[in-house]
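The structure under discussion appears below in the form of structure tokens.
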Amino acid sequence: MKEQIEVLINSGTSQLIFDLSNVDFIDSSGLAALVSGLKKVRALDGQLCLVGAKTNVMEVFKLTLLDKVFIFFPTVEAALENL
Amino acid sequence: MTTLGLAVSERLEYKRTWRGFGSPLALFGFRLLALTTVIIGFRYLFWRYTSSLNLDALWIAIPMILAETFSFISASLFALNLWRPRIRTTPKQIQQFSVDVFITVYNEPPEIVRKTAEAAVRMHYPHRTYILDDGRSSEIRALTEELDIGYISREDNRHAKAGNINNALRETTGDLILYLDADQIPSPRILLRVLGYFEDPRVAFVQTPQDFYNVPKNDPFGNDADLFYGPIQQGKDGWGAAFLCGTNVVLRREALIQMGLIYYVKDMQAALKKTLRNAARSARSAAKALKADTGLETMVPAKEILQRVQATIREGQQGLRKGLALEQVISITESAGDGLSRLIDALAQSRNDLLTILADLEEMSDLAQTPVEPRQARASRHRIERNLLPAIKRQERTIRELQEAAEQVRLVINIEETPMATISVTEDLATSVRLHALGWKSIFHREVLARGLAPEDLDATLKQRLRWAQGTIQVMTRDNPIFKRGLSMGQRLQYFTTMYSYFYGFVAFIYLLSPSLYLLTGIAPVAAYSNDFFYKLIPYLILNQLMFIYATRGLSTLRGQQYQVALFPLWLKAFASVYFEKNLKFVVTPKTRQRGIYLHLIKPQLFISLLTIVGIAFGVATLLSGATVDRISTITNIFWGGLNFWMLSAIIRGAIWAPAHKESPSRETRFTSLRRANTFTGGSSYASLNRRNGGRHSRYPIIGVAQRTHSTVDERAD
């Protein structure tokens with residue numbers, strides 16, 4: 001995932017949406033990859049949105065207060081509207 | 001050549017091996033003398049405890065009486081040691097054993113090794129000679145090729161000499177093994193003389209004396225070992241406790257391998273138990289760290305790994321309890337170790353992730369011009385710092401614990417069978433204890449059948465003595481024969497005696513200090529140097545000395561006694577080092593003389609000597625001045641101080657000793673002539689032994705012909 005983000009960003013993309021609706025579990029390395037991606041798009045004045053996070057995945061974000069750093073949307077459509 | 005040979009053989013003829021007491025009557029005489037000494041000694045000590053403690057100076061009176069008690073017990077142990085000495089006669093020769101010869105080498109000069117190896121090749125009786133080279137030297141390897149003998153070396157020097165031998169045991173097959181230190185030149189007859197003992201299948205080893213061809217006439221460093229390789233070992237042999245002494249000894253492979261296996265299993269089980277317990281503990285604390293209220297658990301994929309590890313550890317522990325095959329427990333433990341490593345990786349990974357997140361958030365909040373609200377990134381960062389950093393720290397601690405547990409597993413998995421015990425820097429004593437505990441028998445054969453080099457300077461002497469002392473104390477602390485199952489009372493007593501003797505350092509210190517203390521301050525450890533005191537003390541001292549002289553007639557024991565006292569700082573140091581240092585080094589005794597003056601090595605002795613001289617001078621001055629003093633006490637203490645100074649003088653002379661050049665012919669010449677002489681002494685001493693056994697004369701095989709005569713009889717069978 002980390003590499004994918006890097007490839008996207010290097011190709012000039014600065015608006016990213018991550019669909020987490022199929023993610024059941026996120027560990028520290030996943031979290032680190034997302035934060036690192038966020039840092040990079042922010043430096044390019046872009047945005048990184050998370051979509052459809054399940055409750056236990058959300059727990060992890062809340063635990064680290066990262067839920068305030070990322071922007072969450074219920075669906076991809078909602079996210080696209082906001083970008 | 002002839003003249004020189006003669007001169008040396010004269011010296012050797014003078015060289016005595018102990019012949020026991022000579023007759024049952026003489027033995028009876030010794031026992032009577034010993035009993036009287038002990039009784040008189042007990043009476044004296046009783047009186048000292050009950051009526052002559054100096055109550056005004058208990059700080060010295062109590063150490064003194066303890067020292068005297070120690071000496072009394074020493075004397076009693078000496079009497080017991082020699083209570084029933086065993087003088088063995090050479091058994092008939094036998095043929096059925098294959099023999100390997102191990103020459104252990106660790107950087108000794110090649111010319112010394114060559115002498116030993118050449119003599120080993122020349123020994124009678126078919127055998128294979130190997131050099132076990134821990135120095136991994138090309139010169140030694142070339143030497144073995146030249147002499148067409150085996151060369152065995154290994155990658156590391158783990159466990160020093162014991163490890164070296166254990167390695168060679170794996171690569172050889174002989175039934176019996178002769179151990180030779182690099183400098184110990186064997187007589188051609190050594191195998192012929194001792195192999196017969198192995199006809200008794202319970203005999204594990206036959207020890208022969210160590211003797212030195214380079215000890216100068218006055219033995220400046222007290223190296224002469226005649227007392228030990230005479231009455232002491234023969235006395236121990238009488239109790240079934242002849243000690244293994246590491247060189248000039250033939251061992252039965254079967255005994256070593258059996259012992260190695262048994263201890264391997266024992267040690268392994270104990271080590272596995274401990275390792276699994278530690279692994280379980282570290283896994284528990286990892287679980288606790290994961291469960292901690294930070295919710296870390298949900299972020300770390302370690303949970304599953306951890307559960308599997310804990311299950312594996314439980315399986316291993318149950319296996320041990322239920323007597324599962326050792327290899328299976330080992331392999332379970334190994335996979336628990338792998339699990340621990342995976343767990344460590346997972347934890348380390350999550351720790352690094354968290355640190356990365358922290359760094360990224362920090363960077364983000366520093367980018368002031370970006371549209372992100374720095375406040376939120378900072379809030380998150382603070383939360384992570386507050387909540388997660390302690391967890392990370394805890395994790396780091398857990399990781400360290402897990403790493404230790406995993407390392408322990410790795411070490412345990414790699415434990416090897418060690419036929420020669422490796423728990424002590426004196427592997428021979430430790431091995432000896434274990435063989436005896438398994439019911440193996442040992443034999444001391446008193447004939448000198450190999451000659452080697454004694455340390456040639458004080459430094460080397462002190463190093464060797466220190467290692468012996470440390471090793472003995474190590475055995476005492478790690479595998480104490482007093483409490484070890486399988487040993488007979490006699491064997492326990494004999495091992496105890498040897499260990500006990502090393503406590504003498506404390507005692508000597510008190511004896512050495514006492515006279516100058518009195519002469520300079522007037523403080524005495526006894527209530528009064530009264531007539532009563534002398535009437536009780538003097539007979540005890542005389543009897544004590546008589547007993548010793550009676551038992552060691554014809555042996556040079558003087559220098560040894562002096563060094564026993566003078567080495568007191570060394571004995572104390574040995575105790576201190578065993579208790580305070582974890583890993584003692586096996587210090588190889590240097591075989592070549594380093595020139596120099598060694599006064600710096602004996603500062604405590606010099607200090608006490610000086611103090612004693614000052615005390616004596618002061619005492620003499622007060623006597624002459626006519627001041628009112630207790631004349632008897634002063635004279636007694638002057639005499640005592642003089643005796644102490646004389647005891648210490650040996651080591652002071654040793655420290656400044658240098659060989660007179662014309663007195664020492666080259667090693668080679670001396671040795672060749674000595675070997676001729678050796679044949680002669682060996683013969684003569686055995687002839688006398690046979691006389692005592694009823695006039696049967698035997699001739700001694702000069703060449704390896706298997707026509708051995710008389711059967712073994714011990715004149716004092718148990």
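Some points to look at:
- For the range B:418-433, Karplus couplings with θ = phi - 60° (6.51, -1.76, 1.60), whole Hz, Gly/Pro x: 10, x, 8, 4, 10, 7, 8, 6, 10, 4, 5, 5, 4, 5, 4, 4
- For B:N157 and B:I542, the FRET efficiency from 1/(1 + (r/R0)^6), where r spans their Cβ atoms and R0 equals 60 Å, is about 0.70.
- Local charge for B:R397 was computed over the other residues whose Cβ lies under 14 Å away, with Lys and Arg +1 and Asp and Glu -1, and equals +4.
- Test item: A:48-60 mean partner chain Cβ contacts at 10 Å: 1
- Per residue of A:76-83, other chain Cβ atoms within 10 Å of the residue Cβ number 0 on average.
- Taking 0.36 nm per residue of separation and subtracting the Cα-Cα distance, full extension of the segment from B:E416 to B:F28 would add 134.7 nm.
- Percent RCO, i.e. relative contact order, over the range A:2-82, from Cα pairs under 8 Å lying at least 6 residues apart: 34
- Inter-chain neighbour count for B:376-382: the average number of beta-carbon atoms from partner chains within 10 Å of each residue's beta-carbon is 5.
- Relative to one another, the C-alpha centroids of the range B:47-118 and the range B:534-561 are positioned 17 Å apart.
- Charge sum, other residues only, whose C-beta stays under 11 Å from B:E447's C-beta, Lys/Arg counted +1 and Asp/Glu -1: +3
- Phi-derived couplings, Karplus 6.51 cos²θ - 1.76 cosθ + 1.60 at θ = phi - 60°, listed residue by residue for the range B:277-285: 5, 5, 4, 4, 4, 5, 5, 4, 6 Hz, with x used for Gly and Pro.
- Theoretical FRET efficiency, 1/(1+(r/R0)^6), r = Cβ-Cβ of B:Q403 and A:T75, R0 51 Å, to 0.05: 0.65
- Modelled spin labels at B:L438 and B:I549, positioned 7 Å past Cα toward Cβ, are 4.6 nm from each other.
- Residues in the range B:136-143 carry Karplus couplings, in order, of 6, 9, 5, 5, 5, 4, 4, 4 Hz; the curve used is 6.51 cos²θ - 1.76 cosθ + 1.60 with θ = phi - 60°, and Gly or Pro positions show x.
- Where labels lie 7 Å past Cα in the beta-carbon direction, separation of B:D56 and B:N352 in nm: 7.8
- Set B:K161/B:K441; B:K236/B:K266; B:K322/B:K441 screened for pairs whose C-alpha atoms are more than 31 Å apart: B:K322/B:K441
Every number here is computed from the coordinates shown, using simple stated rules; none is lab data. Here the structure is a predicted model, which is why all the values come from computation and not from measurement. So basically every Cβ, Gly included, is an ideal-geometry build from the backbone, and we count neighbours across all protein chains shown.
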